[in-house]
Amino acid sequence: MSKVTYIEHDGKSHTIDIQNGLTVMEGAIQNNIPGIDADCGGSMACATCHVYVKEEWFNRIPKKEDGEEDMLDMAFEPNKFSRLSCQITVTDDLDGLIVQLPSKQA
Amino acid sequence: MIKTDALIIGAGPTGLFTAHQLKLIGLDCEIVDNLDKIGGQCIELYPDKPIYDIPAIPECTGEELTNNLINQLKPFDIKFHLSERVDEVKKINENWEVKTNKGTIFLTPNIIIAGGVGSFEPRKFAPKECQKYEDKSIFYSIKDKTIFSGKTVSIFGGGDSALDWAVELSSNSKVNLVHRRDEFRGAKSTLDKVYELEKAGKINLFTKYQLKAVKGNGNLKSIDILHDNKDLKTLETDFVLGFFGLIMQLGPIANWGLNIDKKTITVDTEKFETNQKGIYAVGDICSYPGKLKLILSGFHEGALAARACFKLARPNEKYRFEFTTSSKTIKNRLGVKGD
């Protein structure tokens, strides 16, 4: 289990215990966190699980694989801390991770 | 008005196989899809990605799967209504009257919604005021390119659509190409052409910029674009084009009186019927305890929904279960010779 904090666009914060091995997207969906749609179910095909990773965490999570940056072109208001949450797998190293959610996904 | 035994909404894999099942048991059907091509998410989202969990097919791409399903429908005459979105559904006695955005009207006892995650719509710009200019100065697809002649056009996006149109329009218009990063994901040959045209002064390239604001009164006058490093630039422009791909939206389905839970439609697992008699939901768009969002589940759901349609389409006949391997009737429908 690792703690992940999701901060909604309006500032509302949710800290959830997520089983290692699940993705940050799956953790959000299973716990009904508003603001992550995940239309394609995690196949990196839709950019509706877009999050902004808190700056101090950004370089601590594994780098993007091919294709994620291309999908982020489609995301709503991406910035340099943008990631697709379906591509971030929760591990002990990420215990305490903080992600912020965009104002909408599309 | 088109009368049919069943109307399928969505031409993805589930919709296609459901059509096959309907035709096998002797029912007519027609298919409506908002995309301009057959295949749904398989064709729009991952045509080249391999899929490994279709029963009896060790590996195939989204495009191959779609082509195989279309081939499987070859024995049948099925009318597709592409680039059409179903907008309204109304109960008229025992039938449903279904209207599309192009004015096509269907009358049918059965509607099977195989709509994936909804209909594909273009992704739009973030700033709210963009809405005011939509279809006047801001476009997400191009119907008539002649309107851009002699004007300044600012194109946003990094894929093939953005690059292709930048190249194409640069011969008769002043073109700004704006993208959120330095890398483009479009075809290399087109990208080379873009760089060539940039050198020749035909295209102005702005990378690491995104649209911040649009300005004008009635007519679009200029846009503000913001660099990653917060540098703000104002570009005078007559038109803005955005090519950010497509997004799936539930759209009008939400207004048909169906029980909806988190963008999916609640169904039973006997007929895959919704809370409305004669309206079924199959594939990714339906939900029930234990639902798996797999293509193979969609096939199963479609097969059962098709049998349920029989009752309403042929109230005076009794449905008889038959195998394709042995039924003469089915072989006749498939146009294959019995042995």
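Scanning the range A:88-102 for residues that are closer than 14 Å to residue A:21 by Cβ and in contact with a Lys or Arg (Cβ under 8 Å, 6 or more places away or on another chain), which turns out nearest to the other protein chains (Cβ to nearest Cβ)?
A:94
Yes or no, residue by residue, for (1) closer than 26 Å to residue A:71 by Cβ; (2) part of a strand (DSSP E or B); (3) within 27 Å of the chain's Cα centre (by Cα):
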{"residue": "B:163", "(1), (2), (3)": "yes, no, yes"}
{"residue": "B:171", "(1), (2), (3)": "no, no, no"}
{"residue": "B:196", "(1), (2), (3)": "no, no, no"}
{"residue": "B:223", "(1), (2), (3)": "yes, yes, no"}
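Matching residues to (1) closer than 26 Å to residue B:250 by Cα; (2) more than 11 Å from chain B (Cβ to nearest Cβ):
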residue	(1), (2)
A:60	no, yes
A:70	yes, no
A:78	yes, no
A:86	yes, yes
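For the range B:52-75, the condition holds for no residue, the condition being that it is assigned by TED's automatic domain parsing to the domain that holds residue B:300, closer than 30 Å to residue B:203 by Cβ and under 16 Å from the mean Cα position of the chain (by Cα). Looking across the range B:193-209, just one residue is closer than 15 Å to residue B:237 by Cβ and either within 14 Å of another protein chain (Cβ to nearest Cβ) or among the charged types (D, E, K, R) (or both), and that is B:209.
Looking at (1) assigned to a strand (DSSP E or B); (2) touching an Asp or Glu at 6+ places or on another chain (Cβ under 7 Å); (3) at pLDDT 95 or above, can you tell me which one residue B:247 breaks? Tallying (1) assigned to a strand (DSSP E or B); (2) touching an Asp or Glu at 6+ places or on another chain (Cβ under 7 Å); (3) at pLDDT 95 or above, residue B:247 fails exactly one: (3). Does the range B:266-281 contain any residue that is in contact with a helix residue (DSSP H, G or I) (Cβ under 8 Å, 6 or more places away or on another chain), within 14 Å of chain A (Cβ to nearest Cβ) and not in a strand (DSSP E or B)? No - not one qualifying residue is present in the range B:266-281. Among the residues examined, residue B:98 does not qualify as under 17 Å from the mean Cα position of the chain (by Cα), under 30 Å from residue B:306 (Cβ atoms) and surrounded by 16 or more Cβ atoms within 10 Å (Cβ to Cβ). Looking across the range A:45-58 at every residue that is within 12 Å of another protein chain (Cβ to nearest Cβ) and crowded, with 22+ Cβ neighbours inside 10 Å, the one that is farthest from residue A:104 (Cα to Cα) is identified as A:46.
Here residue A:5 meets the list (1) within 28 Å of residue B:264 (Cα to Cα); (2) under 13 Å from the mean Cα position of the chain (by Cα); (3) crowded, with 21+ Cβ neighbours inside 10 Å almost entirely, failing just condition (3).
Matching residues to (1) touching a helix residue (DSSP H, G or I) at 6+ places or on another chain (Cβ under 8 Å); (2) modelled with pLDDT of 95 or more; (3) closer than 19 Å to residue B:4 by Cα:
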| residue | (1), (2), (3) |
| --- | --- |
| B:69 | yes, yes, no |
| B:80 | no, yes, yes |
| B:96 | no, yes, yes |
| B:100 | no, yes, yes |
| B:105 | no, yes, yes |
| B:120 | yes, no, no |
| B:126 | no, no, no |
| B:131 | no, no, no |
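So residue B:113 clears everything in (1) buried (at least 24 other Cβ atoms within 10 Å of the Cβ); (2) of a type in the set (Val, Ile, Thr); (3) free of Cβ contacts under 8 Å to residues at least 40 places away in the same chain except one condition, right? Which one? Unmet condition: (3). In the range B:116-139, which residues are more than 14 Å from residue B:238 (Cβ to Cβ), more than 11 Å from chain A (Cβ to nearest Cβ) and buried (at least 19 other Cβ atoms within 10 Å of the Cβ)? Selection gives B:119, B:130.
Considering only the range A:79-92, how many residues are over 12 Å from the mean Cα position of the chain (by Cα) and either at pLDDT below 95 or of a type in the set (A, V, I, L, M, F, W, C) (or both)?
The total comes to 2.
Report those helices (runs of 4 or more DSSP H) wholly inside the range B:1-115 carrying at least 1 residues which are within 14 Å of chain A (Cβ to nearest Cβ) and closer than 13 Å to residue B:295 by Cβ. Filter on the range B:1-115 gives B:40-44, B:62-72. Looking only at the range A:86-100, which residues are closer than 13 Å to residue A:4 by Cα, hydrophobic (A, V, I, L, M, F, W, C) and touching a Gly at 6+ places or on another chain (Cβ under 8 Å)? Within the range A:86-100, A:90 is the sole residue that qualifies. Taking the numbered list (1) more than 22 Å from residue A:42 (Cβ to Cβ); (2) buried (at least 24 other Cβ atoms within 10 Å of the Cβ) in turn, residue B:30 passes all entries but (2).
The values are calculated or read from the model by the stated rules, or taken from the named source; none is laboratory data. Being a predicted model, the structure only gives us computed values, none of them experimental. Virtual Cβ from ideal backbone geometry, glycine too; neighbours counted across all protein chains shown.
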